[in-house]
Amino acid sequence: MKKQTFNGSTMLSPVPVVLVTSKNKKGESNVFTVAWTGIMSSEPPLLYISIRPERLSHEYITETMEFTVNLPSKNLVKLVDYCGVKSGRKNNKIKECNFTLKKGKKVKSDYIEECPINIECKVKNILKPGGSHDIFISEILCTHINEDLIDSNQKIHFDWADLIVYSHGEYFPINKKRIGSFGFSVGKKKKNDNIIHKNSKKNSNLK
Ligand SMILES: Cc1cc2nc3c(=O)[nH]c(=O)nc-3n(C[C@H](O)[C@H](O)[C@H](O)COP(=O)(O)O)c2cc1C
């Protein structure tokens, strides 16, 4: 196939799309949409989110150095978009979206009950590479997962959560049908058939 070449741009696709909740020092909450996010390290578990300095969330997270990543199901896609086009400077997005906030376990920021997976994070380092976004490198302290995504063997089924991805300006559901698993190309059989144990540090699935 003949290819066309494009100048450097944000062509990595698809990427996750998440709702990030945070609090400021006064205890006020905000939520915004983030697509520039990813896992950086397994041990310790680190993820990053990239935030433009003009976002209210940038201000809040810099103040408290904590936030929560909430993974939305496809039924929330309209709210995901809304939280990405309206700023907490003018809109009370949490109220408008009717989100139920639950108290964080290890961080002060609340998590969104309506999202099936919530990841509590503590900022370790803020990189300012000089571009449009600052990069918040953060440790994952704990994760809350809806019980209906965990089977009787304690295997966590992210595929049951109807999660969505962001691809070049558009939102897509994730196809539920598995097309492979870690190491299957070399016939690797996983211990306990890929069980991810709750609270286990040995998250072999995602290494
Ligand atoms: C799909 C999508 C992805 C986005 N990803 C990011 C991102 O990774 N980083 C960022 O700073 N802004 C991102 N935005 C824009 C912010 O979510 C948006 O400016 C929001 O209004 C900021 O809210 P706040 O001022 O209340 O913090 C994204 C928006 C959308 C719709």
Filter result for C121 (under 14 Å from the mean Cα position of the chain (by Cα), part of a loop (DSSP other than H, G, I, E, B) and either within 23 Å of L163 (Cβ to Cβ) or of a type outside the set (S, T, Y) (or both)): no
Residues of segment 57-66 classified as over 15 Å from the mean Cα position of the chain (by Cα), more than 13 Å from the ligand (Cβ to nearest atom) and at negative phi, total: 1
Residue list for segment 95-118, restricted to those being within 22 Å of Y171 (Cα to Cα) and over 17 Å from the mean Cα position of the chain (by Cα): E96, C97, N98
Qualifying residue in segment 84-97 (condition: among the aliphatic types (A, V, I, L, M), closer than 26 Å to W160 by Cβ and not in a helix (DSSP H, G or I)): no
Close pairs from segment 154-176: first farther than 20 Å from M11 by Cβ, partner surrounded by 15 or more Cβ atoms within 10 Å (Cβ to Cβ) and of a type in the set (G, A, S), Cβ under 6 Å, at least 6 apart: A161/S73; D162/S73
Subset of segment 67-99 [surrounded by fewer than 18 Cβ atoms within 10 Å (Cβ to Cβ), over 24 Å from D159 (Cβ atoms) and within 11 Å of the ligand (Cβ to nearest atom)]: Y82, G84, V85, K86, S87, R89, K90, N91, N92
Count of residues meeting criterion [farther than 25 Å from A161 by Cα and assigned to a loop (DSSP other than H, G, I, E, B)] in segment 45-79: 5
Given (1) in contact (Cβ under 8 Å) with a residue 24 or more places away in the chain; (2) exposed (fewer than 15 other Cβ atoms within 10 Å of the Cβ); (3) of a type in the set (G, A, S), index of the condition G131 fails: (1)
Those residues of segment 38-63 which are hydroxyl-bearing (S, T, Y) and over 18 Å from G130 (Cα atoms), in sequence order: S41, S42, S57, Y60
Of all residues in segment 1-56 being among the small types (G, A, S) and more than 10 Å from the ligand (Cβ to nearest atom), the one that is nearest to I112 (Cα to Cα): S29
Test result for I137, within 16 Å of the ligand (Cβ to nearest atom) and surrounded by fewer than 17 Cβ atoms within 10 Å (Cβ to Cβ): yes
Residue match in segment 147-155 (condition: buried (at least 16 other Cβ atoms within 10 Å of the Cβ), in contact with a Pro (Cβ under 6 Å, 6 or more places away or on another chain) and part of a loop (DSSP other than H, G, I, E, B)): no
Matching residues in segment 11-24 - criterion: being surrounded by 10 or more Cβ atoms within 10 Å (Cβ to Cβ) and assigned to a loop (DSSP other than H, G, I, E, B): L12, S13, P14, V17, N24
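Read-outs throughout are calculated quantities, based only on the coordinates presented, and are distinct from any laboratory measurement. These numbers come from a predicted model, not from an experiment. A quick note on method: Cβ atoms are made from the backbone with ideal geometry, for glycine too, and the neighbour counts reach across all protein chains shown.
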